[in-house]
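Worksheet for the structure shown next.
The values are calculated or read from the model by the stated rules, or taken from the named source; none is laboratory data. Values in this document were obtained by computation on a predicted structure and should not be read as measured data. Glycine gets a Cβ as well: all are built from the backbone with ideal geometry, and neighbour counts include every protein chain shown.
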Amino acid sequence: MELLLANDLVKRFGQTNAVKGINFHIEEGRCVSLLGPNGAGKTTTLKLLSGLLEPTSGSIDFKGEKAKDLREYIGYLPQYPAFFHWMSGKEFLVFAGQLAKLGRKQAEKRSEELLERVGLTDAKKRKIGGYSGGMKQRLGLAQALIHRPKLLILDEPVSALDPLGRREVLDMMREIKEDTTILFSTHVLHDAEEISDDILIMHAGEIAISGSLESVMDAYRQPILQIEFESQAADWLESIASYSFVSEVNSQGNKASIVLNDMENGKQTILKEIVDRKLPIRTFEISQTTLEDLFMKVVKA
């Protein structure tokens with residue numbers, strides 16, 4: 001079931017067109033990753049959806065209705081959440097709950113539920129100023145969920161965390177997506193592949209690619225030969241770029257990635273040439289294009 005529909009969303013800041021008439025939808029019960037380089041318009045888009053910015057033009061339909069104020073339905077965690085460090089974790093959540101129009105008793109009960117869910121029950125009376133980065137991010141998730149939103153929006157939720165904190169938050173997101181629709185932006189493409197159902201790739205204020213992760217990867221997936229040479233083989237790599245079965249050749253130092261449109265023919269011909277020319281290699285591996293490969297193709301387009 002369609003939860004949210006963005007219709008021709010545009011956002012201008014003076015002469016700068018940050019978001020250029022984008023259209024996309026989010027299905028209920030899905031986890032959607034919003035990808036794109038810096039300046040692509042990701043944060044602006046998230047702020048438009050969360051009600052923190054007014055669109056220059058276009059509309060946002062929520063469950064088939066054009067809602068003027070979506071805050072009742074949406075939980076939002078910015079990339080750099082702000083806290084009152086003199087408050088305890090529980091005090092902050094109760095405060096956030098009351099701001100979301102929960103009664104005091106309801107906010108207390110909901111805070112206890114969420115503190116347990118995000119693993120902060122033992123730290124609920126500690127001042128937030130003493131929390132680690134991962135603990136603050138988990139508290140931010142609890143804050144965004146305090147009013148039981150239909151859609152949880154997260155802006156770069158793991159970008160500032162160490163590997164342990166990143167894993168904690170990803171595990172939390174995996175649990176949350178079981179009962180809450182999630183839209184999150186990230187630069188970490190491995191995270192998007194790990195937990196996303198759908199992806200949106202933005203570039204220069206536009207949606208370049210959208211769809212389910214599986215269907216997008218199926219549509220763009222190509223076989224690749226990954227070769228590591230003992231010394232550079234730039235001349236030979238340049239010579240094979242014109243072969244009919246070669247779509248693309250990328251090299252860096254002694255390593256090369258050869259994108260093929262005919263794996264069997266390409267693999268046999270290239271391996272035979274390597275043997276005939278006595279090119280010393282360390283590795284010769286068959287793989288497929290990844291989300292990172294697709295991302296880089298979009299960004300360079």
Residue list for the range 154-196, filter: under 11 Å from the mean Cα position of the chain (by Cα) and either surrounded by fewer than 18 Cβ atoms within 10 Å (Cβ to Cβ) or β-branched (V, I, T) (or both): V158, S159, I182, T186, H187, V188, H190, E193, E194, I195
Residue in the range 237-246 that is assigned by TED's automatic domain parsing to the domain that holds I286 and closer than 20 Å to E292 by Cα present: yes
Condition met for L70 (in contact with a Ser or Thr (Cβ under 9 Å, 6 or more places away or on another chain) and either in a strand (DSSP E or B) or at pLDDT below 90 (or both)): yes
Odd one out for P81 among (1) exposed (fewer than 15 other Cβ atoms within 10 Å of the Cβ); (2) of a type outside the set (D, E); (3) more than 17 Å from the chain's Cα centre (by Cα); (4) in a loop (DSSP other than H, G, I, E, B): (1)
Extreme residue, nearest to the chain's Cα centre (by Cα), among residues of the range 206-224 that are surrounded by 15 or more Cβ atoms within 10 Å (Cβ to Cβ) and of a type in the set (A, V, I, L, M, F, W, C): L213
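Residue by residue, here is whether (1) modelled with pLDDT of 95 or more; (2) in the same structural domain as S50 (by TED's automatic domain parsing); (3) acidic (D, E); (4) within 23 Å of F295 (Cα to Cα) holds:
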| site | (1), (2), (3), (4) |
| --- | --- |
| S111 | yes, yes, no, no |
| R126 | yes, yes, no, no |
| L161 | no, yes, no, yes |
| E175 | no, yes, yes, no |
| F184 | yes, yes, no, yes |
| L200 | yes, yes, no, yes |
Residue among A160, A142 that alone is more than 23 Å from V94 (Cβ to Cβ) and either touching an Asp or Glu at 6+ places or on another chain (Cβ under 6 Å) or in contact (Cβ under 8 Å) with a residue 40 or more places away in the chain (or both): A160
Condition check for G51: more than 23 Å from E193 (Cβ to Cβ), surrounded by fewer than 20 Cβ atoms within 10 Å (Cβ to Cβ), modelled with pLDDT under 90 and in the same structural domain as Y80 (by TED's automatic domain parsing): yes
Matching option when the condition is surrounded by fewer than 17 Cβ atoms within 10 Å (Cβ to Cβ) and under 35 Å from the mean Cα position of the chain (by Cα), among S231, S242, S251: S251
Test: I227 is touching a strand residue (DSSP E or B) at 6+ places or on another chain (Cβ under 9 Å), of a type in the set (A, V, I, L, M), within 30 Å of P280 (Cα to Cα) and in contact (Cβ under 8 Å) with a residue 40 or more places away in the chain: yes
Some residue of the range 252-270 being of a type in the set (S, T, N, Q), without any contact (Cβ under 8 Å) to a residue 24 or more places away in the chain and within 29 Å of G41 (Cβ to Cβ): no
Flag if F284 is hydrophobic (A, V, I, L, M, F, W, C), touching a strand residue (DSSP E or B) at 6+ places or on another chain (Cβ under 6 Å) and surrounded by fewer than 17 Cβ atoms within 10 Å (Cβ to Cβ): yes
